[in-house]
1. Among (1) of a type in the set (Phe, Trp, Tyr); (2) surrounded by 18 or more Cβ atoms within 10 Å (Cβ to Cβ); (3) within 14 Å of chain B (Cβ to nearest Cβ), which single condition is residue A:233 missing?
2. Tell me, yes or no, whether the range A:139-147 has at least one residue that is in a helix (DSSP H, G or I), of a type in the set (Phe, Trp, Tyr), surrounded by fewer than 19 Cβ atoms within 10 Å (Cβ to Cβ) and at pLDDT 90 or above.
3. Residues that are under 20 Å from residue A:269 (Cα atoms), within 11 Å of chain A (Cβ to nearest Cβ) and assigned to a helix (DSSP H, G or I): does the range B:137-153 have at least one?
4. Pull out all pairs, ordered by first then second residue, where Cβ-Cβ is under 6 Å, the residues are six or more apart or on different chains, the first lies in the range A:342-353 and is on the phi < 0 side of the Ramachandran plot, and the second is at pLDDT 85 or above and charged (D, E, K, R).
5. Scan the range A:98-118 for residues that are touching a helix residue (DSSP H, G or I) at 6+ places or on another chain (Cβ under 9 Å), modelled with pLDDT of 85 or more and either basic (Lys, Arg) or in a loop (DSSP other than H, G, I, E, B) (or both) and report the count.
6. Just to be sure I understand, how many residues within the range B:181-234 are of a type in the set (Asp, Glu), surrounded by fewer than 19 Cβ atoms within 10 Å (Cβ to Cβ) and under 16 Å from residue B:164 (Cα atoms)?
7. Show the residue pairs that are 6+ apart or on different chains and have beta-carbon atoms under 7 Å apart, the first residue being within the range B:265-277 and of a type outside the set (Ser, Thr, Tyr), the second being part of a loop (DSSP other than H, G, I, E, B) and surrounded by 11 or more Cβ atoms within 10 Å (Cβ to Cβ).
8. Restricting the range A:318-355 to residues that are within 14 Å of chain B (Cβ to nearest Cβ) and under 18 Å from the mean Cα position of the chain (by Cα), which is farthest from residue A:295 (Cα to Cα)?
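The values are calculated or read from the model by the stated rules, or taken from the named source; none is laboratory data. Quick caveat, the model's predicted, so the values are computed rather than measured. As a convention, Cβ positions derive from the backbone with ideal geometry for all residues, glycine included, and neighbour counts pool all protein chains shown.
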Amino acid sequence: MSAVTRKNRDGRTRARLSSGKAGSLLRLVFSLAITFFGLLLVTFLIGRVLPIDPVLAAVGDRAPQAVYDRVREEMGLNLPLWQQFFIYISNILQGDFGRSVLTSNPVLEDIKRVFPATLELATIATIIGVILGIPAGVFAAINKGKWPDHVVRVIGLAGYSMPIFWLGLMGLLVFYMKLDWVAGPGRLDAFYVDFIEPTTGLMLVDTLIEGDMDLFWNAVSHIILPASILAYFSLAYIARMTRSFMLEQLSQEYILTARVKGISEHRIIWRHALGNVMVPLVTVIALSYANLLEGSVLTEIIFAWPGLGLYITNSLLNADMNAVLGGTVVVGAVFISVNMLSDVLYRFLDPRARR
Amino acid sequence: MSSETLLTVKNLEVTFNTPKGKVHAVRGVSFDLGRERLGIVGESGSGKSQTGRAILGLTAANGTIRAEKMQFRDVDLANLKPKQWRKVRGARISMIMQDPKYSLNPVMTIGDQIIEAYREHHKVNAKEARLRALEMLEAVKIRDPERVFNAYPHETSGGMGQRVMIAMMLIPDPELIIADEPTSALDVTVQLQVMAILDDLVRDRGMALIFISHDLQLISSFCDRVLVMYQGHVVEELRASELHNAKHPYTKGLLNCLPKMDGDHSDLPTLEREASWAEG
């Protein structure tokens with residue numbers, strides 16, 4: 001009798017659990033849709049509010065009034081605002097971001113070309129930042145108040161306060177010109193540029209796909225300096241947050257439990273405490289990654305890196321509204337997806353958040 | 001109880017450096033422990049928990065432990081290096097912590113945490129450790145060990161969490177268990193169940209127990225002998241069965257504060273303290 005009831009109860013819990021999972025997936029999709037809708041609304045309104053006349057930008061300021069009016073009608077700018085917004089959304093959902101005035105390519109094509117460059121740079125920078133930043137933060141935390149803690153703090157602060165253009169120029173001067181350890185600006189040596197067919201647009205991946213190790217190492221020597229300089233910033237931030245999360249966890253009761261069990265200090269820190277530190281840290285890492293994915297304009301200018309930041313800035317300076325808004329939508333979408341990814345990871349790392 | 005001495009503590013002192021100056025938490029505690037169940041009772045701040053932690057060398061970083069003698073069987077606890085401590089902790093002396101809500105790692109499964117305690121001191125493969133852990137969960141009267149083994153701490157109730165704690169701390173088969181307020185965080189109805197499980201296991205395996213609590217009734221029903229602590233001193237030591245014959249006014253005061261089911265129902269007396277007790 002009791003076995004039967006227990007089975008029933010278990011069956012019910014399982015059913016509730018699975019509906020909970022489907023429910024949370026549904027909720028996720030719903031909140032994504034809402035956020036994306038909000039993003040589109042904001043970019044659309046920015047486009048209409050900005051004191052830049054897209055008609056004027058297209059026809060030039062010497063066009064006669066009749067031409068101006070006709071183009072205005074062609075662009076749909078005489079329609080009521082809500083209709084314009086509807087058209088805007090349906091265009092974007094079909095992947096039509098309009099044409100860039102500056103490059104005369106469809107904006108989406110331009111972004112497909114420039115985004116991988118930024119993605120590659122940001123990803124490498126974040127990987128470096130995580131690989132160095134977490135151990136640095138842990139090291140500082142377990143030596144709190146002693147010299148390793150101060151060293152990490154000073155290095156971090158320096159990284160945080162130095163202007164990136166200066167750091168970039170100095171990096172080029174020292175590691176490229178004087179020491180010749182790394183390659184200069186650009187994603188590949190000029191000599192190699194035509195050798196590579198963009199498949200993914202990620203230079204490191206494309207060269208590997210073609211199996212050309214010379215090209216691969218050339219791409220590595222090009223990306224390593226700008227990526228390290230961007231990484232310095234995220235490293236400083238990640239190390240600082242790791243330190244404070246670590247200190248908080250090390251004072252928790254379960255750490256004392258682990259000590260009572262006779263566990264090694266090494267395992268206590270890297271398994272017990274870090275397992276808990278990773279939960280809030282994943283959000284920190286995701287946010288700093290998302291920031292880098294926006295494209296770091298200064299770094300891209302100094303290293304002649306044809307990325308998203310450079311593209312959006314150029315378009316902005318040339319009043320190329322389609323390109324600016326398209327770029328903004330992409331940046332927003334990237335932010336949303338990185339946030340969602342960190343949510344998923346959060347659930348993976350913290351069993352309490354799995355419901 | 002055999003007369004063999006497991007642990008001798010002589011003149012134990014624990015002091016903390018705090019921003020407000022030195023705090024003497026334990027001021028010269030001495031006792032001998034055989035294979036018995038010793039209760040340490042006292043109000044909060046009496047130094048009972050710090051006595052327990054000092055035996056494991058786990059005083060917080062800003063504290064110092066000094067003792068004329070702290071001998072556990074063949075081990076001189078007063079002069080141990082970190083590496084030697086790790087051979088004592090868990091394997092020979094273990095401690096049951098107060099609140100399973102905080103004392104279990106929230107992101108590790110219960111099974112992993114128990115296995116970890118076992119494998120730290122016994123060289124066995126993962127499969128065997130798992131079997132031992134499941135056995136141990138059964139020994140603390142958990143009905144479906146498999147489920148609890150794979151569960152995370154937040155998925156268990158307080159009573160179950162504390163049984164998991166007992167399983168985890170007893171699995172390496174230590175000789176001495178220190179239970180620091182093991183039931184204070186639990187409901188009254190669950191308290192007795194958990195204490196009974198702990199008591200059974202300690203007796204079955206011939207372990208010694210130091211039971212730290214402020215609960216005189218629990219102490220008197222689960223211990224052989226009682227140390228009464230006040231402000232870092234042991235003010236009285238007596239057999240648990242003789243608790244009602246306590247001589248020291250502090251112990252009497254504590255006893256008087258217990259509500260009685262029968263007899264008069266007037267207000268309970270407030271505990272009165274005298275400065276001279278702290279000079280012991």
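1. Tallying (1) of a type in the set (Phe, Trp, Tyr); (2) surrounded by 18 or more Cβ atoms within 10 Å (Cβ to Cβ); (3) within 14 Å of chain B (Cβ to nearest Cβ), residue A:233 fails exactly one: (3).
2. Going through the range A:139-147, the residues in a helix (DSSP H, G or I) turn out to be A:139-142, A:147.
Add one more test, that the residue is of a type in the set (Phe, Trp, Tyr), and what stays is A:139, A:147.
Now restrict to residues that are surrounded by fewer than 19 Cβ atoms within 10 Å (Cβ to Cβ): A:139, A:147.
From what's left, at pLDDT 90 or above: A:139, A:147.
Looking for residues that are in a helix (DSSP H, G or I), of a type in the set (Phe, Trp, Tyr), surrounded by fewer than 19 Cβ atoms within 10 Å (Cβ to Cβ) and at pLDDT 90 or above, one finds at least one in the range A:139-147, hence yes.
3. Let us first name the residues in the range B:137-153 that are under 20 Å from residue A:269 (Cα atoms), namely B:152-153.
Then keep just the ones that are within 11 Å of chain A (Cβ to nearest Cβ); that gives B:152-153.
Now narrow it down to the ones that are assigned to a helix (DSSP H, G or I): B:153.
The answer is yes; a qualifying residue exists.
4. Hits for this filter: A:353/A:347.
5. Residues meeting the conditions: 2.
6. Step one: of the range B:181-234, the residues of a type in the set (Asp, Glu) are B:181, B:187, B:199-200, B:204, B:215, B:224.
From what is left, the residues that are surrounded by fewer than 19 Cβ atoms within 10 Å (Cβ to Cβ) are B:187, B:199-200, B:204, B:215, B:224.
Narrowing further to those that are under 16 Å from residue B:164 (Cα atoms): B:199-200.
Residues meeting the conditions: 2.
7. B:268/B:257; B:269/B:257; B:271/B:257
8. Going residue by residue through the range A:318-355, those that are within 14 Å of chain B (Cβ to nearest Cβ) are A:345-355.
Right, trim to under 18 Å from the mean Cα position of the chain (by Cα) and you get A:345-346.
Working: A:345: 24, A:346: 25 Å.
The selected residue is A:346.
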